[in-house]
Each structure stands twice: as C-alpha cells, then as structure tokens.
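S.K.: The structure under discussion is supplied below as structure tokens; questions concerning it will follow.
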Amino acid sequence: MEEIIILHTNDLHSHFEKWPRIRRYLLTEKDRLEELGKTVITLDLGDFSDRVHPLTEATDGKANTVLMNQVHYDLVTIGNNEGIGNSHEQLNRLYDEANFNVLLANVKAAGGSQFPSWASPSQIMTSKDGTKIGFMALTAPFPLTYNPNGWDVFEVDEVLPGLLKDLSSRSDVLVLMSHLGIEEETRIAQTYPEIDVILGSHTHHLFVDGMLVGTTLLAAAGKFGRYVGKVTLELDNHQLVDKKASVQVTKELPEYREDLDEIDGYLAEGQRLLHAQVVGQLPRELSADPRVPNGLLDFALKAIAHYGQVDAAILNSGLFLETLKAGRVTKDDLHRCLPHPMHLVKVTLTGEDLTSLVAELRREKDALRDFPIVGMGFRGKIFGELRSLGLSWEDRSQPIRWQGLPLEKRQHYSFVTVDHLMFIPFFPTIREKGQIEMLFPDFLRHVIGDYLEEYYPCH
C-alpha cells in the first residue's frame, strides 16, 4: 500500500499573525511524513494575498510570494484577491521570484489564446512509488471585473471537460484545486465524478472531516489561516482504494516568543514602506465623521466623480475608518483610512430606474447606518451614512433632483460608486437595471490619493 499526503492552505488573506505557526507545521509535518516514506505535496488554493495588510499593499503582493517560498509549496493557484486585486501588470510580476508552480486553467490574456507566462493549466506529479497525480486549477470567473483588467476568464464547463480528457489518460488520480466556492465545487463533483478530490476555497467553508459527494472527496480548510487541510490518499498498485480529509487547528499549534516579533515586523515594514510615499499636503483636516461639513466623505465624492468623468457620485461613510489630518498625507495614511480592496464602477440608469434606486436608498438608509458589513471587499465595521454628489434625494418631501433639475423618465444619468454597492443585496436596481462600467485598475484609496496629489501637491 502507498500513501500520498496533500497538505493544503487557502484564503489566508494576508493574516500573517497565523503564518509562523502554519509555516512550522507545513515544514515539520512534511519532513515527518517523508521520513515515513510517504509522498507529500503542499498546495495553496488562492487568496493568500489581501491588500488589507500594509506589507501586501506596499509590495504589490510580492512579500506574500516570499513567504510562500519559505514552505516550498509545490503548486498554487490564484483567488480573486490576486486576480483582480492587482493590475494586469502587477499580476504578471507577482510570481517572478516564486519557487513553486502556479496552476490556472480558466484565465488568459484578453484577446489571446495563450495562458499567462506565469501559469499552466495543469500538472502531473509523480509519487515516490510512481503514481501519477493529475492536478488542475480553476478560479472564480468574474468577467465583469477580469475583462476590464485585461484578462479573459472562462466558465468551469468551458474548460474542465478538456482538462479531464487530457489528464485522465495520463493520471492515476485526479485532483481539482478550486477557488470557486462550495456551491460550484459540489456541482462539479456531481457533474464530473471522475475527479477524485476537490480541494475547495473562496467561500471560506470548512470540512473538518471532508465531505463525499458521490465518489468525490471535497476538502476545505476555512479562512484566515485558522486551519491547515490534509488529504490522505491510499493506493494499491497505483489504484486509489481510500481517501480521507482532516484539518489541523492552527491555534492548537505551538507559538513562540519570536513569532510575535516576526508578526509585528511584517506590519511595521509595510507601514514604513507606505509612510515613505507622500501623496499630498492637506491645508486642513478632512474628518471621517459624516456629520462634519466638507469632510473626507465630501472630498471622496468629488474625487471619484472626477475619476469617472461624471458629475455625480454615491458613497457610504463606513468606508472611511480614520480622519486625514492637516499636513503631509502618505500612502500609509490612506491605507489606514481605506484598507478595502474596492474598485469603482460607473453606473448608468434611466430616470425611471434612478427613481427606483432612490426608493431603495431611502428605504435602507436608516437600517444600514449602524449595520455591520462583512465581506464583498469591505474591511470596516459598519455601513454608515449614505451620501451623494449631484443627486438630491434625502428630503422625501421634495422631488428627486439631478444637478438641481427634476429627473426625466427616459433620460440616462451616470454616477460613480464603489463596486461594493453593486455586490451587496440592498440596492438591486444597480446590478439589475444599470449599465455597469468597471473602472480599473485603481482602488478607491488610490483614486482619492491621486485627486489629493493633484489638488494639494507637496511643495
């Protein structure tokens, strides 16, 4: 009998406070198992990076690649934080120094037929006893965001049949590295039962002991480095006879005094690098308190409208976590204030549909003021106040006005907001009725920084 062990991580999201323990476990567990004669393969399933951490932001994720090199991953794939949290050029350079291979079968350069130079669609690895394991990787396809970033992204069923046809005849075991989420992974297991194991991620689901869907084993290790996954494959003469999944709870692993220094060092280095980059000189404070007139929220509305070349914008105050003080403003200040990996969208609606959106804004504004938001790119605490530029809607006793004029039912109106408002469920008119243009590659904080640099440059 032969045993092959797959150790897998996913959705770390730059939670480096877990990294020293994860690194020790991956290295020591691999050594221990290999001494017992087992084949060990170490994988990451994407979203290892998240620009919420200053070091990831300051290095465009390259510091994350350095950390990944420490554990000698065999194969990794990307999540949306790598794929659309970076510009096209940044993603092309992200793995320049990697000592591991990147697999990705459903993303290509826009208009081209070639996979990016840094990735392959699949790879066959051979165990110590000669068993061939065919690995393939797919990431969540978001054409609305990948396409304007210079990538063509393909649906699962467009690419998976060809991958399986290619690998099946050359592999003893088939493993899918998935950054697709639990629903899609379950569907794939039902539709493509020839896949032996699906290693899952993206929706942060956790299978403590794995889950069988038909004959396919699904494994998943949660989020933020709280768990490390382990899949054990048992084979007899290269034929799979048993498979099981488990997880290691990270907080149960030993922690050492020097770990805290290492973790603090990552934060300090990121802040140092960002602090060295000055973006402007504010003549006065821009308060994050939405009740303060001419504060940060009002400044941001002007900045994003300018970026989208329109006269109107909508934002929520919960995006702004800190006040920008008078004087020099650095990229560290902007990152502390706006850690969210959020892009901007230009939304065009008819007057009739804009009236429907205003009804949603009015209906939700009080309930959302102190509502805790989790996910969808949001890295703050509460949604906060809704505020707009160029659109007057707050006073229910007055008609809705656009630049001071009544709305025309069939006229088209364009405004800029964060993609977050499109993804959350409270304003369905945006995604159901709006003509959406994704404004890439800049995040909200980068747009505000550029506007600040233009209007309040350092002398």
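FYI, it's all coordinate maths here, none of it is from the lab. This one's a predicted model, so the numbers in the text were calculated from it and none came from an experiment. Using ideal geometry, Cβ is built from the backbone for each residue, glycine included, and neighbour counts are taken over all protein chains shown.
S.K.: Output the peptides 239-250, 435-446 sorted from most to least packed, where packing is the average of other Cβ atoms within 10 Å over each peptide's residues.
M.R.: Numbers: 239-250: 16.5, 435-446: 18.4.
By packing density, highest mean first, the sequence is 435-446, 239-250.
S.K.: Same structure, new question: Count charges around L176 for me, please; just the other residues with Cβ under 10 Å from its Cβ, Lys/Arg as +1, Asp/Glu as -1. Write out the running numbers ahead of the final one.
M.R.: Working: positive: none; negative: E185, D196.
Spelling it out: positives minus negatives among the neighbours equals -2.
S.K.: May I pose another question? Note down the nm distance, to one decimal, between modelled labels 7 Å out along Cα→Cβ at E385 and at L27.
M.R.: Simple spin-label model gives 5.1 nm for this pair.
S.K.: Quick check on the chain: helices-only [θ] at 222 nm, where DSSP H runs of length 4 and up contribute -39,500 (n - 2.57) each and the sum goes over total residues. Nearest 500, please. Write out the running numbers ahead of the final one.
M.R.: Values: 15 runs with 150 residues, N = 459.
So the calculated ellipticity at 222 nm is -9500 deg cm²/dmol.
S.K.: Continuing with this model, one more query. Based on the Cα gyration tensor of the range 2-268, what are the three equivalent ellipsoid semi-axes, each the root of five times an eigenvalue, rounded to whole Å and given largest first?
M.R.: Numbers: eigenvalues 138, 121, 50 Å².
Those come to 26, 25, 16 Å.
S.K.: Over the chain, calculate the relative contact order: mean separation of alpha carbon pairs under 8 Å at least 6 apart, over the residue count, as a percent. It would help to have the intermediate numbers written out before the result.
M.R.: Working: 1013 pairs, mean separation 67.7, N = 459.
The value is 15 percent.
S.K.: What does the charge count around G308 come to, taking other residues whose C-beta lies under 9 Å from its C-beta (Lys +1, Arg +1, Asp -1, Glu -1)? Could the numbers behind the result be given before it?
M.R.: Details: positive: K346; negative: E437.
The answer is 0.
S.K.: A further question follows. Normalised by the residues of the range 2-268, what does the relative contact order come to in percent, with Cα pairs under 8 Å and at least six apart?
M.R.: It comes to 21 percent, rounded to a whole number.
S.K.: Taking the Cβ of D157 as the centre, find all other residues whose Cβ is under 12 Å away and add up their charges (Lys, Arg: +1; Asp, Glu: -1). Show your work: numbers first, answer last.
M.R.: On the way: positive: R187; negative: E155, E158, E184.
Its environment carries a net charge of -2.
S.K.: Sticking with this one: Anything over 30 Å Cα to Cα? Flag those among K325/K381; K18/K38; K30/K108; K132/K244; K128/K165; K325/K365, in the order listed. Before the final figure, lay out each step's value.
M.R.: Working: K325/K381 21 Å; K18/K38 27 Å; K30/K108 33 Å; K132/K244 18 Å; K128/K165 25 Å; K325/K365 28 Å.
The answer is K30/K108.
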